[in-house]
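**Q** First, the structure itself, so that you have it in front of you.
The values are calculated or read from the model by the stated rules, or taken from the named source; none is laboratory data. Small disclaimer: the values here were computed from a predicted structure and weren't measured. Cβ sites come from the backbone with ideal geometry, for glycine too, and all protein chains shown count toward neighbours.
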Amino acid sequence: MRTALVHDWLTTIAGAEKVLEAIYELYPSPIYSLVVDKNNLKNTIFENAYIYTSFIQKFPFSKKIYRNYLPFFPLAIEQFDLSKYDVIISSSHAVAKGVLTNHNQLHICYCHTPIRYAWDLYHQYLKESKLERGLKGWIAKYILHKIRIWDISTANRPDYYIANSIYVAKRIKKIYAKEATVIYPPVDIDKFELYTKKEDFYLTASRMVPYKKIDLIVQAFSKMPDKKLVVIGDGPDFKKIKKIATKNIEILGYQPFEVLKDYMKKAKAFIFAAEEDFGIIPVEAQACGTPVIAYGKGGVTETVIQNETGIFFMEQTVDSIINAVKDFEKKENYFDYNKIRKNAEKFSKENFKAKLKEFIENKINERLKI
């Protein structure tokens, strides 16, 4: 069976690219992507892969500002000629699911999410981008309106959907009216090891953008001067967050992986306040045996077990975080670090590949019987 992989864009290695990496290990195939930055693919599995790009690759500064070319995404993804392949596997959080296939081809879409800034984060995106009003605002709203129409019109193009969480499967059902099989994304569990000698500090780590809510965590700990918080990460909100940090809060900025891992191993708990589709970093923390204190919405509710591997708070507010930390400290002696590590192992790369391969092979066999 001749196989092709389709991915929205390959400009860095993040969560979606880790999924593509695992798929590529199972099915080494040509990759079709709107834009590729080969400089960022050096020393990765994709360095020597056959990668085909769209006409957007030729646009000015496309590797850096490809998102500015959003109006061209639907047209660009439809220009890929995949007619010589039997099986197409798309890894989609934007438009990859919209590639054109024929009735003889099997198209399986691993959907990280329907386009979030066009759907459930639409109003938040406009607000944060200061596009709620004015000429630029109207243009943005019109473009996203057209993207939504195209996105719905292409819902039938994949034969099967795989979602990265039950949370995303519900969104796929709501937006596309399609059922999705849940296969959790791969987490590099083997890069982390169980560590039981926890120290007296809390940790949060993330790219500092508004929806991660790092500012809320920092504000909460500024009201708990007796508790130490370490913050790792960089991004647009870095200066704002550093400005509100009190003496008990260490803002370390970007740190290499080994430094992050060391803090993650030793922290008494990892704080996570974002609403994520899945959320890889809380699983990584658990792989170190570190309990997680998390906002109880989104994919994290499927990876953290209340009162066994962590504690949930139910509102994205300072008071809610403070109360969760106090609740954790009453229970922290009851957390079993070995059980926390064991829970994380369910989300290993090996499990992902085994479940994905079984799903794809079953669908191929079903197709051959027709």
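**Q** Select from segment 289-339 the residues that are at pLDDT 95 or above and among the aromatic types (Phe, Trp, Tyr) and write down the one among them that is nearest to LEU229 (Cα to Cα).
**A** PHE328
**Q** What number of residues within segment 205-232 satisfy the criterion of being among the charged types (D, E, K, R) and without any contact (Cβ under 8 Å) to a residue 24 or more places away in the chain?
**A** Total satisfying the criteria: 1.
**Q** Collect the residues in segment 324-353 that are out of contact with any strand residue (DSSP E or B) (no Cβ under 7 Å at 6 or more places or on another chain) and closer than 19 Å to LYS223 by Cα, keeping them in residue-number order.
**A** LYS326, GLU329, LYS330
**Q** Okay, moving on. Among the residues of segment 335-349, write down those that are part of a helix (DSSP H, G or I) and touching a residue at least 24 places away in the same chain (Cβ under 8 Å).
**A** TYR337, ASN338, LYS339, ILE340, ARG341, ASN343, ALA344, GLU345, LYS346, PHE347, LYS349
**Q** If you don't mind, another one. Just the residues that are over 24 Å from the mean Cα position of the chain (by Cα) and of a type in the set (A, V, I, L, M, F, W, C), please, taken from segment 57-83.
**A** Of everything in segment 57-83, those that are over 24 Å from the mean Cα position of the chain (by Cα) and of a type in the set (A, V, I, L, M, F, W, C) turn out to be PHE59, PHE61, LEU75, PHE80, LEU82.
**Q** Moving on to the next point. Which members of segment 107-135 meet the condition of being assigned to a loop (DSSP other than H, G, I, E, B) and either under 30 Å from LYS84 (Cα atoms) or at pLDDT 90 or above (or both)?
**A** HIS112, THR113, PRO114, ILE115
**Q** Which ranges mark the strands (runs of 3 or more DSSP E) fully within segment 197-282 that have 2 or more residues being in the same structural domain as THR301 (by TED's automatic domain parsing) and out of contact with any helix residue (DSSP H, G or I) (no Cβ under 7 Å at 6 or more places or on another chain)?
**A** Of the strands (runs of 3 or more DSSP E) lying wholly inside segment 197-282, those with at least 2 residues that are in the same structural domain as THR301 (by TED's automatic domain parsing) and out of contact with any helix residue (DSSP H, G or I) (no Cβ under 7 Å at 6 or more places or on another chain) span 249-253.
**Q** Quick one: what pairs do we get from segment 77-99, first residue farther than 16 Å from VAL19 by Cβ, second part of a strand (DSSP E or B) and not acidic (Asp, Glu), C-beta under 6 Å, 6+ apart or different chains?
**A** Every condition considered, the pairs that remain are PHE80/TYR32; LEU82/ALA4; LEU82/ILE88; TYR85/ALA4; VAL87/THR3; VAL87/LEU106; VAL99/VAL6.
**Q** Would you please name the residue that is surrounded by the most Cβ atoms within 10 Å (Cβ to Cβ), looking only at residues in segment 214-268 that are aromatic (Phe, Trp, Tyr) and farther than 19 Å from ASN323 by Cα?
**A** This residue is TYR263.
**Q** Return the only residue of GLY298, GLY253 being of a type in the set (Gly, Ala, Ser), farther than 24 Å from LYS170 by Cα and within 22 Å of the chain's Cα centre (by Cα).
**A** Result of the check over GLY298, GLY253: GLY253.
**Q** Working carefully through the options THR154, THR101, THR113, find the one that is surrounded by 15 or more Cβ atoms within 10 Å (Cβ to Cβ), farther than 20 Å from GLN79 by Cβ, among the β-branched types (Val, Ile, Thr) and in the same structural domain as TYR69 (by TED's automatic domain parsing).
**A** THR113
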